[in-house]
Amino acid sequence: MAQVCGDSSFDYLWDRQHDVALGMLRKAADLWARGRVDAVSSDALLAVLLRIYLSAWPAFGGVIRETRDLESWLHSVTTARQEMIDLRPNADASALGRLDGELSFAVKQWVLGDPESPRAAHAINAIEHILFSGKLTRRPPNPKLPASLLPHESSSVG
């Protein structure tokens, strides 16, 4: 029997959040890979990702796709810790540390010059894995992609 995660509006909203988060991560990875390490901090990007995944989004509201760029998102957030407190005040604080660990690992690789090593899709899947396993989102990550980028972590969802 197939797992049901929600109705079509649930899937639509999740796809929208996923696509926006992936786009923001790719833009930041490009900046870091081009040597613009100070263009965005990893904490600020994590705050953006938390805002994207944990905020309430309008169901259909006529919005086909998100048009805000990375700079606009960065101006709409505070710190990752504050976003977590504001959006999920009862969340386990360890999730923030795990999210930071995954993103920091990826950033260290991207500043070496290749924005697709690690692949942004793998990095966002690791983020989604932590959000799901920490009960911060209801949608599981893609089981075909790594659940973590970290060398000592499991590379699949189990």
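Within region 110-118, one or more residues are open to solvent by 30 Å² or more (accessible area, probe 1.4 Å), of a type in the set (Gly, Ala, Ser) and touching a residue at least 40 places away in the same chain (Cβ under 8 Å). Of all residues assigned to region 29-49, none qualifies as being at pLDDT 90 or above, basic (Lys, Arg), part of a helix (DSSP H, G or I) and open to solvent by 60 Å² or more (accessible area, probe 1.4 Å).
Mind checking whether some residue in region 15-23 is within 21 Å of ALA123 (Cα to Cα), modelled with pLDDT of 85 or more, in contact with a helix residue (DSSP H, G or I) (Cβ under 9 Å, 6 or more places away or on another chain) and β-branched (Val, Ile, Thr)? Yes, there is a match, as at least one residue in region 15-23 is within 21 Å of ALA123 (Cα to Cα), modelled with pLDDT of 85 or more, in contact with a helix residue (DSSP H, G or I) (Cβ under 9 Å, 6 or more places away or on another chain) and β-branched (Val, Ile, Thr). Taking the criterion of being small (Gly, Ala, Ser) and open to solvent by 50 Å² or more (accessible area, probe 1.4 Å), the residues of region 73-96 that qualify are ALA93, SER94.
Can we say LEU70 is modelled with pLDDT under 95 and either touching a strand residue (DSSP E or B) at 6+ places or on another chain (Cβ under 6 Å) or open to solvent by 30 Å² or more (accessible area, probe 1.4 Å) (or both)? If you could, list the steps in order and put the result at the bottom.
On the way: modelled with pLDDT under 95: yes; either touching a strand residue (DSSP E or B) at 6+ places or on another chain (Cβ under 6 Å) or open to solvent by 30 Å² or more (accessible area, probe 1.4 Å) (or both): no.
No: the conditions fail for LEU70.
The values are calculated or read from the model by the stated rules, or taken from the named source; none is laboratory data. Nothing here was measured: the structure is a model prediction, and the numbers come from that model. Virtual Cβ from ideal backbone geometry, glycine too; neighbours counted across all protein chains shown. Heads up: the accessible areas ignore ligands, DNA and RNA and are worked out on the full protein's heavy atoms, side chains in. Shrake-Rupley method; radii C 1.70, N 1.55, O 1.52, S 1.80 Å.
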